[in-house]
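Below: the structure, in structure tokens.
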Amino acid sequence: MLAYPNIDPVAFSLGPLHVHWYGLMYVVGIGCAWWLARRRAEQGRAGLTAAEVEDLIFYCALGVILGGRLGYTFFYNLQAFIDQPWIIFRIWEGGMSFHGGLLGVFTAMFWYGRKLKCGFFALSDFIGPLVPIGLGAGRIGNFINGELWGKPTDLPWAMVFPGAGDEPRHPSMLYEALLEGPVLFIILNGFVRKPRPRMAASGMFMLFYGAFRFLVEFVRLPDAQIGYLAFGWVTMGQVLTLPMMLLGVWWIVLAYRREEQPSPPTPLPRGEGSQK
């Protein structure tokens, strides 16, 4: 059994303002994605100008934060919201949903893609390989918070988490940090090193994130306010993730059947009147 490090969730305080590690992980994830996106734009691999990349990352960041909070509230904590609607603003108390954040990012890319007249998938193929940076950082934030722990186990790397009783448990947030972070990053960025049909990179992201999340849910305890949805093992995370995997497979098949032009480094198609 490994000892849980018991890191203070508050990284530092400035008077009454407490800055949490979990929030800093969002800053790290978004900042690193912005840096890598800018670098690829400067290398001509994005089909976007540096200014367009900055705008895209900004809108996607808004989508992550707003969508993540709304998604958690409506997918995982609806009754509490009905009882106390103002809890939706208590971001400092935690509670973010990946699937809500994903919908928020989709909304941002759909809107910005229309503005640039380059299409949704032109942007999603570019953004998808950058997302694992933030996903991995966010799961490290979950670990520091000592939340989203797993089921009891006698594996040698099990940990006793504060507030989870005396039983050693799966550090499921570290499993997700590894799979959704470095492993997914390597898969996606290795895939896009060669020209791929439009939509294929987006499909790969949906498929592999969905598969990793679906598998980890088997050893991760469901949210207490929801519990298991069916058969004593089906979780809300799996219910929300299964359509992702199916959609990812469909996008990949459709991409190769349509034999579209390769993704970046080929410049994105632009309509008249688009930003220059």
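Where a number appears in this text, it was derived from the coordinates with a stated rule and is not lab data. This is a predicted model, so every value here is computed, not measured. In this analysis, Cβ positions are derived from the backbone assuming ideal geometry, glycine residues included, and neighbour counts consider all displayed protein chains.
How big is the convex hull of the Cα atoms of the stretch 1-139, per residue, in Å³?
On the way: hull volume 22.0 nm³, N = 139.
About 158 Å³ per residue, rounded to a whole number.
Under a 10 Å cutoff between Cα atoms, tell me which one of ALA230, ALA201, ALA46 has the largest fluctuation in the Gaussian network model of the chain.
For the chain, modelled as a Gaussian network with Cα springs under 10 Å, the answer is ALA230.
Using each residue's phi in the stretch 110-124, evaluate 6.51 cos²θ - 1.76 cosθ + 1.60 at θ = phi - 60° and report the 3J(HN,Hα) Karplus result to the nearest Hz, with x for Gly and Pro.
For the stretch 110-124, the Karplus curve yields 5, 5, 6, x, 5, 5, 7, 6, 10, x, 4, 6, 4, 7, 5 Hz.
How far is it, in nm, from the label point at PHE120 to the one at GLN225 when both lie 7 Å from their Cα along the line to the Cβ?
2.9
What dipole magnitude, in Debye to the nearest 20, does the chain give about its Cα centre under +1 on Lys/Arg Cβ and -1 on Asp/Glu Cβ? Mind showing how you got there, number by number?
Working: 22 positive and 19 negative charges, 238 e Å.
So the magnitude is around 1140 debye.
Along the charge dipole of the stretch 18-177, Cβ charges K/R +1 and D/E -1, which of HIS99, ALA122, LEU174 sits furthest on the positive end?
Towards the positive end, the residue furthest out is ALA122.
Taking the 0 to 90 degree range and rounding to the nearest ten, how far is the long axis of helix 50-76 tilted relative to the main principal axis of the chain, both from C-alpha atoms?
In the chain, helix 50-76 runs at an angle near 40 degrees to the longest axis.
Could you give the semi-axes, largest first, of the ellipsoid that matches the stretch 17-258, computed as the square roots of 5 times the alpha carbon gyration tensor eigenvalues and rounded to whole Å?
31, 20, 18
Just from its helices, what would the mean residue ellipticity at 222 nm be for the chain, if runs of 4 or more DSSP H residues each count -39500 (n - 2.57) and the sum is divided by every residue, rounded to the nearest 500 deg cm²/dmol? Provide the component values of the computation, followed by the final result.
On the way: 10 runs with 152 residues, N = 276.
After summing the helix terms and dividing by residue count, I get -18000 deg cm²/dmol.
Note the full-extension length gain between GLN84 and TRP157 as 0.36 nm times their separation in residues minus their Cα-Cα distance, in nm to one decimal.
On the way: separation 73, 0.36 × 73 = 26.28 nm, distance 3.89 nm.
Net length gain for the segment: 22.4 nm.
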